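The structure under discussion appears below in the form of structure tokens.
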Amino acid sequence: MTVLPIIVAPDPRLKVNATPVERVDDEVRQLMDDMLDSMHAANGIGLAAPQVGIAKRVLVVDVARPEEPPQPIRMANPEVVWESEEEVLAEEGCLSLPDQYAEVVRPERVRVRYLDHENEIRELEADGLLAKCVQHEMDHLDGVLFVDHLSSLKRKIILRKLTKTKRLAAAEA
Ligand code: K1U
Ligand code: ZN
């Protein structure tokens, strides 16, 4: 099991436009597995490669409840091929924005095309928490954080709090 450190905002590595993978080979498969270990260790439901400092279009999600068997999904080069006109407003968190939550509007349902861990093209139609999580993780691949969907005032307040927390942690270390 490999647990990778998760980058906390503000950090330029979270603002990159990540690069597609050429194919899902052993190296990408290992990254996906390490990301699942890191996500589960942090009690998250999703993780994108830029959050662990790797600027590749790779993400993992698992929205199974703790009492349910795990349902890990590994995606490379995901693309939204359809989204519903209906939108939902729901609260989001982010492992790169610890203890910060805000309501974000997103399409209620999406269909996503991606390469799975065996380099096969697959499509997933998602709604509810899974749709929200996949869209949130795909945003990370374009350097977009959930705070970028908020007003600039709300975004500044959250990022200022995180900067202060980082400064205090550095002073204590
Ligand atoms: O990208 C990430 O940092 C993971 C993030 C995913 C996410 C959570 C909520 C809405 C959209 C996307 C998290 O897992 S943060 C942890 C969290 O808020 C959560 C954990 C379990 C269930 C529900 C939320
Ligand atoms: Zn996130």
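The values are calculated or read from the model by the stated rules, or taken from the named source; none is laboratory data. Remember, it's a predicted structure, so these values are computed and weren't measured experimentally. Cβ sites come from the backbone with ideal geometry, for glycine too, and all protein chains shown count toward neighbours.
Taking segment 142-153 as the range and being more than 11 Å from ligand 2 (Cβ to nearest atom) and either surrounded by 14 or more Cβ atoms within 10 Å (Cβ to Cβ) or at pLDDT below 95 (or both) as the test, the residues that pass are ASP142, GLY143, HIS149, LEU150. Across segment 29-65, the qualifying residues are those that are away from ligand 1 (no atom under 12 Å from the Cβ), assigned to a helix (DSSP H, G or I) and in contact (Cβ under 8 Å) with a residue 60 or more places away in the chain, and the one among them that is surrounded by the fewest Cβ atoms within 10 Å (Cβ to Cβ) is ARG29. When segment 111-149 is filtered for residues that are within 13 Å of ligand 1 (Cβ to nearest atom) and among the hydrophobic types (A, V, I, L, M, F, W, C), the ones remaining, listed by number, are ALA126, LEU129, LEU130, ALA131, CYS133, VAL134, MET138, LEU141, VAL144, LEU145, PHE146, VAL147.
Whether any residue in segment 110-124 is closer than 27 Å to GLU22 by Cα, within 16 Å of ligand 2 (Cβ to nearest atom) and hydroxyl-bearing (Ser, Thr, Tyr) is what I want to check. Spell out how you get there, then give the answer.
Restricting attention to segment 110-124, the residues satisfying the condition of being closer than 27 Å to GLU22 by Cα are 110-124.
Keeping just the survivors that are within 16 Å of ligand 2 (Cβ to nearest atom) gives none.
Within segment 110-124, not a single residue is closer than 27 Å to GLU22 by Cα, within 16 Å of ligand 2 (Cβ to nearest atom) and hydroxyl-bearing (Ser, Thr, Tyr).
Quick one: in segment 96-110, of everything that is more than 15 Å from the chain's Cα centre (by Cα) and of a type in the set (A, V, I, L, M), which residue is surrounded by the fewest Cβ atoms within 10 Å (Cβ to Cβ)? The extreme case among them is VAL105.
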